[in-house]
Amino acid sequence: MAERVIEVDGVELCTESFGDPADPPVLLVMGLGASMLWWEEDFCRMLAVGGRFVIRYDHRDTGRSVTYEPGHPGYTGADLVADAVRVLAAHGIPAAHVVGVSAGGALAQSLALDHAERVLSLVLISTSPAVPDDGDLPSDLPPPTEEFAWFASTARVDRSDADSVIDHQVAYARVLAGGRRPFDEAAVRVLVRRDVERAHDFDAAGNHDSLTDGELPRAPLSSIAVPTLVIHGTADPMFPLRHGEALAERIPGARLLALQDAGHGIDPADRPTVAAAILDHTA
């Protein structure tokens, strides 16, 4: 694996690759507020050992990528979509299989709509329809669970204190896990501490909460023409399963893989299953 900071159009983004550059490329797009560390190394290696050239990267305001003043992001959601293209361009890759989780799945959808020539296939994990289809978003999408909504509305964190930030992020990860499986707090705490200590300014990740959309795709999801796999946990508290079902219904030919009792994101127990599904989908 090799970490490198690229600069395209004046934007510095930290990337890391795994595997042989001659293998089919897979671009991993993380959710907002999270660095590339949340694509855990063993998962990336599973894909690389399976014959894929894997690239993960830090969004702006996370990890070692360009950082803006907290409260003043100098970019939009559309710029984050363009950043995925920048990462591919810097690695000399004309098109890749794109895997997005959470809001990264929304960015992946927009990438497939605005830059179709860059996308070989899509894998959309723990996400929801990102753009209206037939003039509107599905009307039957359920809200987040009560526990998630309560945490989001009541949680407080002192961002000037690293331990407070770490405690908050661990508690948030516990809620996202969905509550139906064991939660490895010790392992999550190690990951969160690495994330906080590695970042140029962890406080800047809060800029993602105030991003404007920018120029959203005008085409409907039904115009996505690449093979698409939707992966969704049945206990996802942020986007209940119906969100994944609706996404699979709106993209022609999309398949849905439901993970029983899984929450939001990729549970460590599901990494082999998810990696195998991605390898099969991108074969």
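Number of residues in segment 69-90 that are surrounded by fewer than 21 Cβ atoms within 10 Å (Cβ to Cβ), acidic (Asp, Glu) and either modelled with pLDDT of 95 or more or not in a loop (DSSP other than H, G, I, E, B) (or both): the value is 1. Right, residue 231: at pLDDT 90 or above, surrounded by 16 or more Cβ atoms within 10 Å (Cβ to Cβ), more than 18 Å from the chain's Cα centre (by Cα) and not aromatic (Phe, Trp, Tyr) or not? Taking the combined requirement at face value, the residue does not satisfy it. Of all residues assigned to segment 160-174, at least one qualifies as being assigned to a loop (DSSP other than H, G, I, E, B), more than 19 Å from residue 36 (Cβ to Cβ) and at pLDDT below 95.
Taken over segment 1-15, the criterion of being surrounded by fewer than 21 Cβ atoms within 10 Å (Cβ to Cβ) and not basic (Lys, Arg) is satisfied by 1, 2, 3, 5, 6, 7, 8, 9, 10, 11, 12. Scoring residue 210 on the criteria (1) of a type in the set (Gly, Ala, Ser); (2) over 30 Å from residue 72 (Cα atoms); (3) surrounded by fewer than 21 Cβ atoms within 10 Å (Cβ to Cβ) leaves a single failure, condition (2).
Let's see how each residue does on (1) touching a residue at least 40 places away in the same chain (Cβ under 8 Å); (2) of a type in the set (D, E, K, R):
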| residue | (1), (2) |
| --- | --- |
| 212 | yes, no |
| 222 | yes, no |
| 225 | yes, no |
| 234 | no, no |
| 243 | yes, no |
| 250 | yes, yes |
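Here residue 152 qualifies as farther than 18 Å from residue 35 by Cα, within 20 Å of the chain's Cα centre (by Cα) and free of Cβ contacts under 8 Å to residues at least 24 places away in the same chain. Against the list (1) free of Cβ contacts under 8 Å to residues at least 12 places away in the same chain; (2) closer than 12 Å to residue 14 by Cα, the condition residue 63 fails is (1).
Of everything in segment 252-275 that is more than 24 Å from residue 113 (Cβ to Cβ) and free of Cβ contacts under 8 Å to residues at least 40 places away in the same chain, the residue that is surrounded by the fewest Cβ atoms within 10 Å (Cβ to Cβ) is 260.
The values are calculated or read from the model by the stated rules, or taken from the named source; none is laboratory data. Everything numeric here is computed off the predicted structure, so don't read it as measured data. So basically every Cβ, Gly included, is an ideal-geometry build from the backbone, and we count neighbours across all protein chains shown.
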